[in-house]
Amino acid sequence: MIPMLVARRLIDVRAKLVENDVAGLLVTKPVNIRWLTGFTGSNGTLAITADRWILVTDGRYDEQARSEAAAAGVDPEIMISRQPWEPITDLINSLPTVGVESHHLTMAQHTTLLNTFPTVDFRPVGSLIDRARELKDPGERDRLRTAAEIADQALGDLLPRVLAGGMSERHVARQLDTRMLELGADGISFDTIVAAGVNSSRPHHQPSGHVLTRGDLVVIDFGASIDGYGSDMTRTVVCGGRPTPEQDRIYHAVAASQAAGVAAVRDGVEQVAIDTACREVLDREGLGEAFVHGTGHGIGLEIHEQPILSRQSVGILRADLVVTVEPGAYLPGFGGVRVEDSVVVTSTGCVPITLCPKGLVPT
């Protein structure tokens, strides 16, 4: 694997302290602590100032925190305590202003901070680190690409059995998860979606005991995880290999929509333009109202990261973002179709990393 540039992340975050007019930052969102330190434990608080950074966790994670930080090539001060604020009390009290992850901090935690540090001005900085995580370094892109390759192969291995029918949605999901682990994935990037027949009109259907039957549309949305970085791909097929004219029409409309969205992706493009490109195709096909969710999102340590590509998107795409493009059409009582790829944004366009063949009957 290409090494990740973890040490550079602290430099970038410290620069953002100045931009946000705070003297320090409390990081409480676990995935952001992981991104900065490599620490994957479930209990941690990270305090960052211009010249210090302290990771507080409890005794269960003493050895793990030190080992994972060393493996990431960083050296935060690590303090062990059952009370997250106790080891950093003097540091926090020495600061006039401290940023907090207001999109993650609970009201109870906020109240505790105000009571514990009454002289400190705590300021919401929202998703400061989430935004810093948007652009992926070469090591991150390598992990996402490897995860996508595993998912590609896993679906390719299982697809003949899906097309033949006879398995339940739940069985297909479990077989796909197992195959990704056999191929080297650390885990799955989110709960695998397998939705067949009329269930396919539900974008986030949970796999059930429904048995795949000839003529069913089957939506499969899944991903593998490598070092915490998760891939994301959706393919729609028809069980039995003989689509009806209406299934074929809807599929080709969604596939054309997805292709238009992918073609619109490049550095410097308004994010909303990707959503617009997809919707224009489905609107022309009379399926605009059947497209009920956003067009895509970033992927990384979380399966839904910034940027979010939708009608409400603000901002531009930048090279080295990794985003999904995933339009769909969902018709209750009939079924649904979604086609999704993950792509790396470049200066001239984008490079897909999910390469499993498409089509109601993939070839």
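The values are calculated or read from the model by the stated rules, or taken from the named source; none is laboratory data. Because the structure is a prediction, the values reported are computed rather than measured. Cβ placement follows ideal geometry from the backbone for every residue including glycine, while neighbour counts extend to all protein chains displayed. Just so you know, the surface numbers come from the protein's heavy atoms only, side chains and all, with ligands and any DNA or RNA stripped out. Shrake-Rupley method; radii C 1.70, N 1.55, O 1.52, S 1.80 Å.
Summary of computed values
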{"read-out": "Search result, residues across region 118-146 that are outside any helix (DSSP H, G or I), more than 22 Å from R14 (Cα to Cα) and in contact (Cβ under 8 Å) with a residue 24 or more places away in the chain", "value": "T119"}
{"read-out": "Residue satisfying condition, being hydrophobic (A, V, I, L, M, F, W, C), open to solvent by 70 Å² or more (accessible area, probe 1.4 Å), in contact with a Gly (Cβ under 8 Å, 6 or more places away or on another chain) and at pLDDT 95 or above, within set L144, L181", "value": "L181"}
{"read-out": "Residues of region 90-116 satisfying the condition of being under 15 Å from G24 (Cβ atoms), under 34 Å from the mean Cα position of the chain (by Cα) and assigned to a helix (DSSP H, G or I)", "value": "L91, I92, L113"}
{"read-out": "Residue selected from region 165-193 under the condition part of a loop (DSSP other than H, G, I, E, B) and hydroxyl-bearing (S, T, Y), by the criterion nearest to R214 (Cα to Cα)", "value": "T192"}
{"read-out": "Boolean, A65 is in a helix (DSSP H, G or I), open to solvent by less than 70 Å² (accessible area, probe 1.4 Å) and under 26 Å from I303 (Cβ atoms)", "value": "yes"}
{"read-out": "Scan of region 147-167 for residues that are without any contact (Cβ under 8 Å) to a residue 40 or more places away in the chain and open to solvent by less than 20 Å² (accessible area, probe 1.4 Å), ordered by number", "value": "L158"}
{"read-out": "Of all residues making up region 309-343, the number that are open to solvent by less than 10 Å² (accessible area, probe 1.4 Å) and part of a strand (DSSP E or B)", "value": "15"}
{"read-out": "Qualifying positions in region 206-228 - outside any strand (DSSP E or B) and farther than 19 Å from A151 by Cβ", "value": "Q206, S208, G209, H210, L212, T213, R214, G215, D216"}
{"read-out": "Qualifying residue in region 231-241 (condition: open to solvent by 10 Å² or more (accessible area, probe 1.4 Å), at pLDDT 95 or above, not β-branched (V, I, T) and not in a strand (DSSP E or B))", "value": "no"}
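Residues are listed down the side, and each one gets a yes or a no for (1) touching a Lys or Arg at 6+ places or on another chain (Cβ under 9 Å); (2) at pLDDT below 95:
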residue: Y61; (1), (2): no, no
residue: R66; (1), (2): no, no
residue: A70; (1), (2): no, no
residue: D90; (1), (2): no, no
residue: L95; (1), (2): no, no
residue: H104; (1), (2): yes, yes
residue: H110; (1), (2): no, yes
